[in-house]
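Shown next, in structure tokens, is the structure this report addresses.
Read-outs: derived from the displayed coordinates by stated rules, not from any lab. Source: prediction; values computed, not measured. Positions of Cβ are backbone-derived with ideal geometry, glycine not excepted, and every protein chain shown enters the neighbour counts.
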Amino acid sequence: MMIDHSISWQALQAHVQEDFSLQKLFQQDPQRFSRFSVQDCGLLLDYSKNRITEKTMELLVALAKEAGVDQGISDMFGGKRINTTENRAVLHTALRAYPEDVFMMDGCDVVQGVHRVLDHMEDFTHKVRSGLWTGFTGKKICDVVNIGIGGSDLGPKMVTEALSFYQDKNIRFHFVSNIDATHIVRILEQVQAETTLFIIASKTFTTQETLTNAHTARHWFLAQGASQGDIAKHFVALSTNEQAVRDFGIDPDNMFAFWDWVGGRYSLWSAIGLSIALSIGMDNFRELLSGARDMDLHFKSTPLDKNIPVILALLGVWYRNFWGFASHAVLPYDQYLEYFPRYLQQADMESNGKAVTKDGQEVSYATGPILWGEPGTNGQHAFYQLLHQGTTIVPCDFLVAATPLHNVGDHHQVLLANFLAQTEALMCGRTLAEVQQELACLPAQEANALAIHKVFPGNRPSNSIIYDRLTPRTLGSLIAMYEHKIFVQGLIWQINSYDQMGVELGKKLATTLLNELQTGKIGAHDSSTTGLVRYLLDRPEASH
Ligand code: G6Q
């Protein structure tokens, strides 16, 4: 049965017709904040500024139950092959397990293997950071270049930036992902071969962009006076594909392994996080894992109505399916989280941008929203105009640290005040009567003409998520919170959140078109594609 035929879905459809004026709801219930807020894992989630009543939450929890969320959670943690199209288990939670935890997969506990790789990472990280590991001229490594794309780039890059407060300042970190040569060229301009470590991060070790960039890096490295034999000191691989790593010329001793039950966009906790470990040290990396484990335990053991990822997921479903809001903004009031929305964009949109249920039927309801965002306060001077007065309603998550990492003047108080002001303004808005009162000093005609432009409709929903300080542990919890939110939404929408067939077609066509661009022989296409290829080939500088 499609979920939109369930009893709770139908009940929610009727319920959404009720009055959800937030200002009124706050006036009616002085306990609204404590009723609709929850604290755990060092986080406070205030979800009271949402278009909900107790009945809404009851119905949404009933929907989660009807969708089998409880069973889904135990299937995921139990190592069932819930990624059905790829016939794989989904066990990124095992990557943050303590040695005494047990995660079974096909009758075997995977935790020991996880810790073997963590120990390998620890050994390597220690050598590089302490200077025991040297480049081919005997000098210490001072630049690390991670070459990867998608899940093998966005997570490590986001976390390395987010935790740069804890970073070893003697090593610089660079991330190359794009096939556009500009990306690698500009980074190679900044580094010296003798002191640079290249990390080739690719689960499959077949990704066109990553392998092309890796070959360019190796070519450049050898052109700087290094020999083939020096490659072992400067190139390491993070992969599940040992043969391809060997074929590239990387010593398998310098390969950090992981497993097919780790999805690319869920892999920063695995060997794919080596750049993070090199940046912040292994103790901090383990703290990051512990923070995620805290959230895993919360998610696994907390009743649905007090469960942070479940609440976030249900609110998202409420807006997407019953109000028709198509997008969701993540707005960190934390400069360190600059890349967090971009990272989440992949986690969320690649996971839940699906239109077919697990058992192969086209869905008759909306699934994943468009996720986007930028740090505050920058966004306030850019796109917040639309959030406040545009015709599209965008539910927002605001994230902020209670305590700053840099205590400079009154910066943090101003930041906090802005975060609070935005959530309040979105919710309360400003009525025509309020505006008219403010404009009373102007001549009547001028005031009347202006007033309507200054009205804010309000009633725009947001979540506020406050963490104490941005530590590795807090960040681990925050990321895992969103991972589980995405998982719960996928369960409700009955889709497979763990494949990514939607990125395949473009890759396949690119291979054909590359051949056409290289040979000049154009195949059968629509007239637009043919016209574009011909235009590119006919240019005097085209070489084929
Ligand atoms: C993530 C996706 C995708 C993947 C990249 C890189 O879940 O599968 O973004 O991470 O395509 O893949 P490789 O790590 O195999 O190079």
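When the dipole is taken about the Cα centre of the chain, and only Lys, Arg (+1) and Asp, Glu (-1) are charged at their Cβ, what size is it in debye, to the nearest 20? It would help to have the intermediate numbers written out before the result.
Values: 44 positive and 59 negative charges, 75 e Å.
For this selection, approximately 360 debye.
Taking a ≥ b ≥ c as the square roots of the Cα gyration tensor eigenvalues, with a/c under 1.5 meaning rounded and otherwise prolate when a/b beats b/c, else oblate, which class fits the stretch 139-190?
Numbers: a/c = 2.40, a/b = 1.19, b/c = 2.02.
Cα axes put the stretch 139-190 in the oblate bin.
Per q in 0.16 Å⁻¹, report the Debye log10 I(q)/I(0) for the stretch 364-475, using one uniform scatterer on each alpha carbon and no solvent.
Debye output, listed in q order: -0.88.
Provide 392, 474, 357 in ascending order of the number of other Cβ atoms located within 10 Å of each residue's Cβ, fewest first. Write down the numbers at each step before the final one.
Working: 392 9, 474 21, 357 17.
If I rank by nearby Cβ atoms, fewest first, I get 392, 357, 474.
Given 65/485; 24/65; 157/507; 55/306; 80/358, which pairs have Cα atoms separated by over 20 Å?
On the way: 65/485 15 Å; 24/65 30 Å; 157/507 23 Å; 55/306 15 Å; 80/358 14 Å.
Correct reply: 24/65; 157/507.
Report the percentage of all Cα-Cα pairs in the stretch 113-158 whose separation exceeds 13 Å, rounded to a whole percent. Write down the numbers at each step before the final one.
Working: 691 of 1035 pairs.
Across the stretch 113-158, Cα pairs with separations above 13 Å total 67 percent.
Of all the C-alpha pairs in the stretch 53-163, what % are more than 19 Å from each other? Don't skip to the end; give the middle numbers.
On the way: 4168 of 6105 pairs.
For the stretch 53-163, the share of Cα pairs beyond 19 Å comes to 68 percent.
With a/c under 1.5 counting as rounded, go ahead and sort the stretch 315-369 into rounded, prolate or oblate using the C-alpha gyration tensor (a ≥ b ≥ c being the square roots of the eigenvalues; past the cut-off, prolate if a/b is larger than b/c, else oblate).
Working: a/c = 4.33, a/b = 1.82, b/c = 2.38.
Oblate is the answer for the stretch 315-369, as a/c is 1.5 or above yet b/c matches or exceeds a/b.
Can you put 90, 414 in order of Cβ neighbours within 10 angstrom, beginning with the fewest? Intermediate values should be presented prior to the final figure.
Details: 90 23, 414 11.
Least crowded to most crowded, the residues run 414, 90.
How big is the gap, in Å, between the Cα center of the stretch 224-261 and the Cα center of the stretch 479-505?
31 Å
In cubic angstrom, how much convex hull volume per residue do the alpha carbon atoms of the stretch 262-302 span?
Working: hull volume 2.5 nm³, N = 41.
For the stretch 262-302, the hull spanned by Cα atoms encloses 62 Å³ per residue.
Provide, for q = 0.18 Å⁻¹, the log10 of I(q)/I(0) from a solvent-free Debye sum over equal Cα point scatterers in the stretch 1-110.
Results for the stretch 1-110 at q = 0.18 Å⁻¹ read -1.00.
When a footprinting reagent is the concern and you count Cβ atoms within 10 Å, what order do 140, 354 take, fewest first? Before the final figure, lay out the partial values.
Values: 140 16, 354 21.
Ranked by crowding around the Cβ, least crowded first: 140, 354.
Helix check for the chain. Which DSSP H runs span at least 30 Å along their own axis by Cα, with a mean Kyte-Doolittle hydropathy no less than -0.5?
Numbers: long enough: 472-493 (32 Å, 0.50).
Membrane-span-like by this rule: 472-493.
Could you go through the stretch 430-435 in sequence order and give the Karplus-derived ³J(HN,Hα) for each residue, using 6.51 cos²θ - 1.76 cosθ + 1.60 with θ = phi - 60°, rounded to whole Hz, and x for Gly and Pro?
For the stretch 430-435, the Karplus-derived couplings read 8, 7, 4, 4, 5, 5 Hz, x marking Gly and Pro.
Where a ≥ b ≥ c are the square roots of the eigenvalues of the C-alpha gyration tensor, would you call the stretch 155-225 rounded, which needs a/c under 1.5, or, failing that, prolate if a/b is larger than b/c, or oblate? Display every interim value, and only then the final one.
Working: a/c = 1.97, a/b = 1.23, b/c = 1.60.
Because a/c hits 1.5 or more and a/b fails to exceed b/c, the stretch 155-225 counts as oblate.
Along the charge dipole of the stretch 1-121, Cβ charges K/R +1 and D/E -1, which of 23, 1, 93 sits furthest on the positive end?
It is 23, whose Cα lies furthest towards the positive end.
Which aspartates and glutamates have a Cα lying under 16 Å from the Cα of residue 233, excluding residues fewer than 8 positions away in the same chain?
Cross-link targets: 123, 143, 194, 251, 253.
How high is the relative contact order of the chain, given as a whole-number percent (alpha carbon pairs under 8 Å, six or more residues apart)? Write down the numbers at each step before the final one.
On the way: 890 pairs, mean separation 101.5, N = 544.
Averaging sequence separation for qualifying contacts and normalising by length gives 19 percent for the chain.
With viscosity set to 0.692 mPa s at 37 °C, what whole-number translational diffusion coefficient in µm²/s follows for the stretch 390-544 from Stokes-Einstein and a Kirkwood radius over Cα pairs?
Working: Rh = 22.2 Å.
Here the translational diffusion coefficient equals 148 µm²/s.
In whole angstrom, and with the biggest value first, how far do the Cα coordinates of the stretch 274-343 range along each principal axis?
If we take the Cα atoms of the stretch 274-343, the spans are 45, 30, 19 Å.
Consider all pairwise Cα distances in the chain and report the whole-number % of them above 40 Å. Don't skip to the answer; put the middle values down first.
Working: 46411 of 147696 pairs.
Considering the chain, 31 percent of its Cα-Cα pairs are separated by more than 40 Å.
Can you work out ³J(HN,Hα) from phi for every residue in the stretch 270-280, in order, using Karplus 6.51 cos²θ - 1.76 cosθ + 1.60 and θ = phi - 60°, giving whole Hz and x for Gly and Pro?
Running phi through 6.51 cos²θ - 1.76 cosθ + 1.60 with θ = phi - 60° gives 9, 3, 4, x, 4, 4, 5, 4, 5, 6, 10 Hz.
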